[in-house]
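This report concerns only the one structure given below.
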Amino acid sequence: YIVVSPASPDGRLFYEGAETIIPAFLTQLRSDYRLEDTLTIAGASNGGISAFQIATRYPDAFRTVIGYPGMLDRSVMPRAFLLKSMCTFMHVGDRDAWWVANMQAQAKALEMRGVHVTLTVEKNQNHGLKAAEINLSNRLFDEIESCRH
C-alpha cells in the first residue's frame, strides 16, 4: 500500500472548496507511483466528510470510500448516487451521539439511493476512534482488500 495524507491548502477544508486541487494531485500520484488502479479515499471527522465529498466529485478515481467517522455533507446528497460503484464503509464511536444518529440516518438514505454501505458502530468509542483498542487499522485494510475483486 501507498498511504498519502494530503494537507488542505490555505487552511480550507477539502469539502469547503479545496477539493479543486484533487485532479492535479491524482495525476501527480499516478505519475510518481505508476498507479493504474482505482484508489481508496478515507478520513476521520472533517477528513471523513472531505473523503466523501472528493469521492462524489471524482468517482472514477476511487473504488472505496471510508469515514471513521465521516459522511456526506448534506449539500452533496444529490450526488450520492455516484457512490454506487464504490465500496462504502462508515465507522463511528457509540459514545459519539450526534455522529451516530447522523451517520445511521445517512447510511439508510444512501442505501435507498442504491449505495451499498457498511456502517459499524464501534463499542466504547468516542469521536476520535482509538484504532489500537478496536483493531481498526487492520479492519480498514481488510475492507479495502474486500473491494479489490
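The values are calculated or read from the model by the stated rules, or taken from the named source; none is laboratory data. None of the values given here were measured: they were computed from a predicted structure. So basically every Cβ, Gly included, is an ideal-geometry build from the backbone, and we count neighbours across all protein chains shown. Ligands, DNA and RNA are stripped out before the accessible areas are found, and what is left, the full protein with its side chains, is counted by its heavy atoms. Shrake-Rupley method; radii C 1.70, N 1.55, O 1.52, S 1.80 Å.
The mean sequence distance of close C-alpha pairs (under 8 Å, at least 6 residues apart), as a share of the length of the chain, puts its relative contact order at 17 percent. Region 50-117 and region 1-22 have Cα centres spaced 18 Å apart. Residues in the chain average 55 Å² of solvent-accessible surface per residue, probe 1.4 Å, ligands and nucleic acids excluded. Highest mobility in the GNM of the chain, judged by mean-square fluctuation with C-alpha springs under 10 Å and restricted to 42, 51, 61, is found for 61.
Working note: Karplus 6.51/-1.76/1.60 with θ = phi - 60° gives region 122-128 the couplings 7, 5, 6, 10, 9, 5, x Hz, where Gly and Pro are set to x. Among 86, 103, 112, the residue with the largest mean-square fluctuation in a Gaussian network model of the chain, with springs joining Cα atoms closer than 10 Å, is 112. Under 5 Å between amide hydrogens, built in the peptide plane, is the criterion, and for residue 119 it picks out 90 among residues at least 5 positions away or on other chains.
Take the chain and mark each of the trypsin sites (Lys or Arg not before Pro) that is in a DSSP loop with at most 10 other Cβ atoms within 10 Å; the longest unmarked stretch, sites excluded, is 35-122. Label-to-label distance for residue 13 and residue 73 is 0.7 nm, based on points extended 7 Å past Cα in the beta-carbon direction. If you run the Gaussian network model on the chain, springs between alpha carbon atoms under 10 Å, then out of 11, 67, 114 the most flexible one is 11.
Counting only protein heavy atoms and a probe of 1.4 Å, the accessible surface of the chain is 52% carbon and sulfur. Overall shape: rounded for the chain, with the ratio a/c of the largest to smallest alpha carbon gyration tensor axis below 1.5.
Between residue 60 and residue 120, residue separation times 0.36 nm minus the direct Cα-Cα distance comes to 19.1 nm.
Taking label points 7 Å from Cα along the Cα-to-Cβ direction, residue 84 and residue 25 give a separation of 2.7 nm.
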